Structure formats: structure tokens, C-alpha cells
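The values are calculated or read from the model by the stated rules, or taken from the named source; none is laboratory data. Since the structure is predicted, the reported quantities are computational estimates derived from the model, not experimental observations. Positions of Cβ are backbone-derived with ideal geometry, glycine not excepted, and every protein chain shown enters the neighbour counts.
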Amino acid sequence: MQRVGLPLEQDQLRYYFGDGTVDEVLGELSKFQNDDGGFGHAMVPDIRMPNSSPLCSSVAFRVLRELEVSDDSEIVHSAIGYFANSYQPKIDGWDPTGPDVDDYDRAPWWDYSPIELRLTPLKVVNPGAEICRYLKLFGADSDSDIAVDTIVEDLLHLFFNFPEEIELHALMCFICMGEMLSVDVAERILPKLARVAHLAMSEN
């Protein structure tokens with residue numbers, strides 16, 4: 001990792017296992033952030049687009065969460081603002097990448113598919129479920145016009161109607177969302193979540 005990893009990854013490694021600091025990691029992470037508060041610039045390696053996207057921004061928040069950055073930090077505050085501004089009521093969620101992704105190098109599975117009336121179930125979950133987690137976790141759901149609780153209920157309905165062979169990235173987003181749910185809801189979803197996770201691991 002120290003030889004071929006990205007500078008951000010190297011700083012994360014030094015922070016967790018050496019003498020690195022949170023500020024060093026945040027300094028590298030901020031290089032992926034745009035003026036609109038969102039993250040791009042290949043934060044997700046198979047999306048080379050410099051523009052912000054909800055998907056890349058959700059991945060950036062994994063780093064912020066692991067570092068336990070406070071919700072009054074500017075990097076968090078501006079990124080939460082990006083989530084609020086990029087939510088699209090007409091599709092009841094977040095378009096993972098937007099059409100500009102086709103203008104840049106990308107993996108073929110990120111070729112853009114126009115969204116007309118609604119997101120597909122997988123695009124609702126990834127990254128919507130994870131974004132809801134961060135809006136709740138950083139206390140921003142009460143400061144925006146996004147009805148996060150309503151979105152969460154829709155996601156739970158979707159979760160219980162998914163077959164148990166859930167796509168791995170969608171499963172990861174459901175797990176992230178589950179970490180911020182109330183205890184009673186978490187207990188309700190845990191049995192299926194455990195079955196789905198076990199099935200996914202046994203297949204891989």
C-alpha cells in the first residue's frame with residue numbers, strides 16, 4: 001500500500017497503523033472535494049469523472065465516519081449540503097452519477113442510463129440507503145427539506161421485498177443504513193440481513 005497506493009490510502013494506513021494524523025487524511029480527502037461540497041476526481045476508482053456525484057460522495061463519507069469527524073466540521077457541513085442539493089424529488093432519490101459520467105473514462109457498468117420517472121431498485125439503494133445513514137448520523141436530516149424518515153421507510157419496504165440474493169453493493173448500503181436505525185427497526189431487519197449477508201459471502 002505504501003508503495004503503490006493512493007496518497008489518501010497511504011495516509012489512512014499511517015493513521016491506523018503508524019504515526020499519521022486525522023488532519024493528514026483529511027488534507028488528502030479534501031483534494032477530492034469540489035466547490036459544491038460533493039466529491040469526485042475518481043474518489044471511486046472506476047469513475048474518473050472530476051464532477052461531484054452522490055455515489056463518490058457517499059464513499060468519501062465512509063472515510064469521514066471512520067475518522068469520527070464532527071458534524072460541525074466544514075468538510076462534513078459542505079458535503080451534507082451537497083446531499084441536500086443533489087436530492088431529486090421527482091425520482092425520490094439521488095441519481096448515483098448523473099449523465100456527465102459518460103464524458104469521462106469509467107468502467108462499463110457505469111455507462112449512464114437515463115432516468116425518466118423513477119430510479120431502479122438498485123439505484124434507489126446505492127447510494128440512497130447509505131446517504132440516509134449519513135444525513136441521520138450527522139444530524140442533518142432535521143435541517144433539510146428531505147423527508148429522510150419517509151425515504152428510510154420506503155427503503156425498508158424495498159429491503160423486505162428484495163430476494164435474498166441481493167447484489168453485494170446494495171447489501172453493503174443496507175448494512176450502512178442499518179447502523180443508524182432505531183433499535184426496534186434494526187432488530188426487525190437483522191434476521192434477513194444476516195441471512196442475506198451469509199448467502200453473499202458463501203457465494204463469493
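Here are a few things to note about the model shown:
- Asp95 being of a type outside the set (Val, Ile, Thr), assigned to a loop (DSSP other than H, G, I, E, B) and closer than 21 Å to Asp145 by Cα: yes
- Taking the criterion of being assigned to a helix (DSSP H, G or I) and either in contact with a Leu (Cβ under 9 Å, 6 or more places away or on another chain) or of a type in the set (Ser, Thr, Tyr) (or both), the residues of segment 60-79 that qualify are Ala60, Phe61, Val63, Leu64, Arg65, Ile75, Val76, Ser78, Ala79.
- Test: Met43 is without any contact (Cβ under 8 Å) to a residue 24 or more places away in the chain, aliphatic (A, V, I, L, M) and either farther than 30 Å from Glu164 by Cβ or touching a strand residue (DSSP E or B) at 6+ places or on another chain (Cβ under 7 Å) (or both): yes
- Residue in segment 50-59 that is within 14 Å of the chain's Cα centre (by Cα), surrounded by fewer than 22 Cβ atoms within 10 Å (Cβ to Cβ), at pLDDT below 95 and assigned to a helix (DSSP H, G or I) present: no
- Restricted to segment 80-92, and to residues there that are under 17 Å from the mean Cα position of the chain (by Cα) and assigned to a helix (DSSP H, G or I), the residue that is surrounded by the fewest Cβ atoms within 10 Å (Cβ to Cβ) is Asn85.
- Selection of first residues in segment 183-197 that are within 14 Å of Ala129 (Cβ to Cβ) and among the hydrophobic types (A, V, I, L, M, F, W, C) and of second residues that are assigned to a helix (DSSP H, G or I) and modelled with pLDDT under 85, restricted to Cβ pairs under 8 Å at least 6 apart or on distinct chains, gives the following pairs, ordered by first then second residue: Ala186/Gly178; Ile189/Gly178; Leu193/Gly178.
- Consider segment 23-63 and keep the residues that are β-branched (Val, Ile, Thr) and out of contact with any Phe, Trp or Tyr (no Cβ under 7 Å at 6 or more places or on another chain). The one that is farthest from Ala79 (Cα to Cα) is Val44.
- Of everything in segment 98-134 that is part of a loop (DSSP other than H, G, I, E, B) and modelled with pLDDT of 95 or more, the residue that is nearest to the chain's Cα centre (by Cα) is Ala107.
- For segment 17-40, the set of residues classified as part of a helix (DSSP H, G or I) and either touching a helix residue (DSSP H, G or I) at 6+ places or on another chain (Cβ under 9 Å) or in contact (Cβ under 8 Å) with a residue 12 or more places away in the chain (or both) consists of Val22, Glu24, Val25, Leu26, Gly27, Glu28, Leu29, Ser30, Lys31, Phe32, listed by residue number.
- Of all residues in segment 163-184, those being within 14 Å of Glu153 (Cβ to Cβ) and either surrounded by fewer than 14 Cβ atoms within 10 Å (Cβ to Cβ) or among the charged types (D, E, K, R) (or both) number 2.
- The test for being over 17 Å from the mean Cα position of the chain (by Cα) and either within 21 Å of Ala170 (Cβ to Cβ) or part of a loop (DSSP other than H, G, I, E, B) (or both) holds for Val4.
- The helices (runs of 4 or more DSSP H) located wholly in segment 140-204 that include 1 or more residues which are at pLDDT 85 or above and basic (Lys, Arg) occupy 183-203.
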